Amino acid sequence: MDLKLLEEFAYLAETCSFQETAEKMNISQSSLTKHIHKLEEELGVTFFDRSTRTVQLNAYSQAYYPYVKQMIQLHQEAVQSLTDIRNESRNKLRIAFTPTVGQYGVVEVISAFSRAHPQYDLKILESPHVLDMINSHECDFGFLPEDDSINSNVSQLVYKTDRLVAVLPKDHPLAAEPRLTPEQICASDTPVILHANPSGGHYLETRKFMTLCSDRGIAPKVLAVISRTSTIIKMIQEGQGISILNRQCIPQDDENLAIVDLQPSIPLYIYVVYPTRKKKSAAVSAFLRFIIKDLTETD
């Protein structure tokens, strides 16, 4: 049986969304549907109760899912055991980070480690799927924003702390305020530019702000959904609207921008994560010590 089919089944069972699963697996929804049908035909059952809008697990999928997860985990562990043997003499160290954390000194700390420990074979990866790479043992460490899907298989350390701020044109009426509430932003009737990843999903700062607005029964007037921070900044400079961004993402010396703290304050945490496992290579242990020392000295 094709392991990829099992991975697609497991993710679909977890999300109950063909669209989200197809995006995760980097395939079309039609291909995903064919794969699930193929798996169902092989086993002689129907796994999901489908309607035009929803996907629901039935008794077959609920019974099959735990075993699929075990099969996937066993395969990952088997592959990792082979990888550990192959890499043991090479002292490889694989570090991944998401595209959104580059401004938090990740490159600098990795470079400092490389200079201090040139004996290790370092590989650096940028990916939006860092947590998946950690869980599948494709990398040893990952830097990423806080993520609700971090589980007990992954250890985490708070690497940096940031906060969300409102970014406005310098001459905006709200620019002189010491702090801004979601109510003030929504009541101003100024369009809001949301920050989204290239696949269309909102970044964490946008999700946090929109959740806060929803909890208060208000909604901003959305002008655009943009993936590049630099484009959002240009739109604000042109007076097109305001945005909610991470403080450290914003240029420090732009005279055309006003940066105002939010009330209530919304923190954002950047984590360094690594697999929770007893045996660590020399390279992994060295980098873990280096990070902990860096965090201690920074504090």
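Dipole of the chain (Lys/Arg Cβ +1, Asp/Glu Cβ -1, origin at the Cα centre): which of Tyr120, Ser265, Ile36 lies farthest to the positive side?
Going by the charge dipole, the pick is Tyr120.
Please state the charge dipole magnitude for the chain, taken about the Cα centre, from unit charges on C-beta atoms (+1 on K and R, -1 on D and E), reported in debye and rounded to the nearest 20.
The dipole magnitude comes to about 580 debye.
Taking the Cα centre of each part, how many Å lie between segment 100-117 and segment 198-234?
If you average the Cα positions of each part, the centres end up 29 Å apart.
Percent of accessible area on segment 162-299 owned by carbon and sulfur, 1.4 Å probe?
49
Taking the Cα centre as origin and putting +1 on Lys and Arg beta-carbons and -1 on Asp and Glu beta-carbons, what dipole magnitude results for segment 64-158, to the nearest 20 debye?
320
If I model a spin label as a point 7 Å beyond the Cα along the Cα-Cβ vector, how far apart are those points for Leu157 and Gln184 in nm?
Computed distance between label sites Leu157 and Gln184 equals 3.8 nm.
Name the residue farthest towards the positive end of the dipole of the chain from the options Ala282, His129, Ile242, assuming +1 on Cβ of Lys and Arg, -1 on Cβ of Asp and Glu, about the Cα centre.
Of the candidates, Ala282 comes out farthest on the positive side.
How far apart, in nm, are the 7 Å Cα→Cβ label points at Ile124 and Leu5?
That separation, rounded to one decimal, is 4.2 nm.
Using the Cα gyration tensor of the chain, with a ≥ b ≥ c the square roots of its eigenvalues, what is the shape: rounded (a/c below 1.5), prolate (a/b larger than b/c) or oblate (neither)? Can you show the working numbers first?
On the way: a/c = 2.58, a/b = 1.25, b/c = 2.07.
Note, shape of the chain comes out oblate.
Which residue fluctuates most in the GNM of the chain (Cα springs below 10 Å): Asn151, Asn26, Asn135?
It is Asn26.
Just to be sure I understand: of the beta bridges DSSP finds with both ends in segment 94-239, what percent are antiparallel, rounded to 5?
10
Note down the relative contact order for the chain as a percent, whole number, built from C-alpha pairs under 8 angstrom at least six residues apart.
Values: 411 pairs, mean separation 62.0, N = 299.
Dividing the mean separation by the residue count of the chain yields 21 percent.
Can you give the calculated 222 nm mean residue ellipticity of the chain, where each DSSP H run of n ≥ 4 adds -39,500 (n - 2.57) and the sum is split over every residue, rounded to the nearest 500 deg cm²/dmol?
Computed ellipticity for the chain at 222 nm equals -13500 deg cm²/dmol.
Express in Å², to the nearest 10, the accessible area of Asp162 obtained by rolling a 1.4 Å probe over the protein heavy atoms while all chains stay in place.
The accessible area comes out at roughly 10 Å².
In debye, nearest 20, what is the charge dipole magnitude of segment 1-60 about its Cα centre with +1 on Lys and Arg Cβ and -1 on Asp and Glu Cβ, if you could check?
Here segment 1-60 has a charge dipole of around 180 debye.
Considering only C-alpha atoms, what is the centroid distance from segment 129-182 to segment 264-279, in Å?
10
In Å², what does the accessible area per residue of the chain work out to with a 1.4 Å probe?
Counting only protein heavy atoms, the per-residue value for the chain is 54 Å².
Excluding residues on the same chain fewer than 8 positions from Lys234, give the lysines whose Cα lies under 18 Å from its Cα.
Qualifying lysines at Cα under 18 Å: Lys170.
The values are calculated or read from the model by the stated rules, or taken from the named source; none is laboratory data. Just so it is clear, the model here is predicted, and its values are computed rather than measured. Because the Cβ atoms are built from the backbone with ideal geometry, glycine has one as well, and the counts that use them run over all protein chains shown. With ligands, DNA and RNA removed, areas are computed over all heavy atoms of the protein, side chains included. Shrake-Rupley method; radii C 1.70, N 1.55, O 1.52, S 1.80 Å.
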